[in-house]
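Single-structure report; data block below.
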Amino acid sequence: TARPLIIWAHGGSFIGGSKNDPDVVKLSNEFAKKGYVCASMEYRVGMWPIDSSNAIMAVLRGVQDMKAAIRFFYKDRATTDTYKIDTTRIFVGGSSAGAITALHLAYLDKDCEIEDYIPLATLNSLGGMEGDSGNPGYSSDVVGVISLAGALASYGWLESGDVPLCSLHGDSDGTVPYNRGYATVSGFNIMILDGSRMLQEQADSVGVQNKLYTHYNADHAVY
């Protein structure tokens, strides 16, 4: 009657994909066997033209929609309690673009951190980091992140006291960098991100519990 929850977000470079993504379905089924409730979420996709400015907006939309999904389960617990979720044990995770979304949700937690990318006036006009995607008035807090081939715009956003992180990544990933490098969309270099190895080093240095599983000589999403 108090079940841990993982909210998964699919990959697709922020230009495609759906909650029926076979990787996410498989992950959900495997974790359900272990006692977790799993939800596969939709989020707004689309990026045109394909460039860094539109990539930043795509990530922001994904984060806002993921926060709405989290709030949905806090609201459910407080009202109908249909899913019997323990809201002290909500995790977010994803593959590729979904992992990037989950990482930014957890660690991009100050308006000043995004100011170098989006003017605060623009951010506020879009609903702020919480967004206007639904279920207002409820928490969007999580207790951990599962990142499958994900990266963060700045490893420095991961700070002491932040929630734990579990990462899986191929060290020869040509789409989302394992170290620091360009993330690509449809073959275009979009923006420099800090990948799983950088995040592991930062987490270790600030005392955030973490685990990195590296797939050596492996490309993108090999898991």
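The values are calculated or read from the model by the stated rules, or taken from the named source; none is laboratory data. Everything numeric in this text was worked out from a predicted model, so none of it was measured. For accessibility, only protein heavy atoms count, side chains too; no ligands or nucleic acids. Shrake-Rupley method; radii C 1.70, N 1.55, O 1.52, S 1.80 Å.
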- Task: Order 213, 223, most accessible first, counting only protein heavy atoms with a 1.4 angstrom probe.
- Result: 213, 223
- Message: Quick check: residue separation of residue 110 and residue 135 times 0.36 nm, minus the Cα distance between them. What number comes out in nm?
- Response: 6.9 nm
- Message: Residue by residue through region 131-136, what is 3J(HN,Hα) from phi via Karplus (6.51 cos²θ - 1.76 cosθ + 1.60, θ = phi - 60°)? Round to whole Hz and write x for glycine and proline.
- Response: x, 10, 7, x, 6, x
- Item | Å² per residue, accessible surface of the chain at 1.4 Å | 45 Å²
- Step through the table entries 67/110; 19/110; 26/75; 26/211, compare each Cα-Cα distance with 25 Å, and write down the pairs that go over it. 19/110; 26/75
- Task: Express the relative contact order of the chain as a whole percentage, based on alpha carbon pairs under 8 Å and six or more residues apart in sequence.
- Result: 19 percent
- With -39,500 (n - 2.57) per DSSP H segment of 4 or more residues and division by the full residue count of the chain, the 222 nm estimate, nearest 500 deg cm²/dmol, is -10000 deg cm²/dmol
- Hey, what does the equivalent ellipsoid look like for region 24-83, semi-axes from the Cα gyration tensor as sqrt of 5 times each eigenvalue, largest first, whole Å? 29, 17, 7
- Note on the structure: A correct Kirkwood calculation over the Cα atoms of the chain returns a hydrodynamic radius in Å of 17.3 Å
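For region 131-223, calculate the relative contact order in percent as a whole number, restricting contacts to Cα pairs under 8 Å that are 6 or more residues apart.
Values: 197 pairs, mean separation 30.6, N = 93.
Relative contact order here is 33 percent.
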- Query: How large is log10 I(q)/I(0) at q = 0.23 Å⁻¹ when the Debye formula is applied to the Cα atoms of region 125-192, each weighted equally and without solvent?
  - Reply: -1.08
- Query: Can you pull the percent of the chain's accessible area that's carbon plus sulfur, 1.4 Å probe, other chains left in place?
  - Reply: 50 percent
- Intensity falloff of region 96-223 expressed as log10 I(q)/I(0), Debye formula with alpha-carbon point scatterers, at q = 0.10, 0.18 Å⁻¹: -0.32, -0.99
- Write down, largest first, the equivalent ellipsoid semi-axes of region 52-102 in whole Å, where each equals the square root of 5 times an eigenvalue of the alpha-carbon gyration tensor. 27, 11, 6
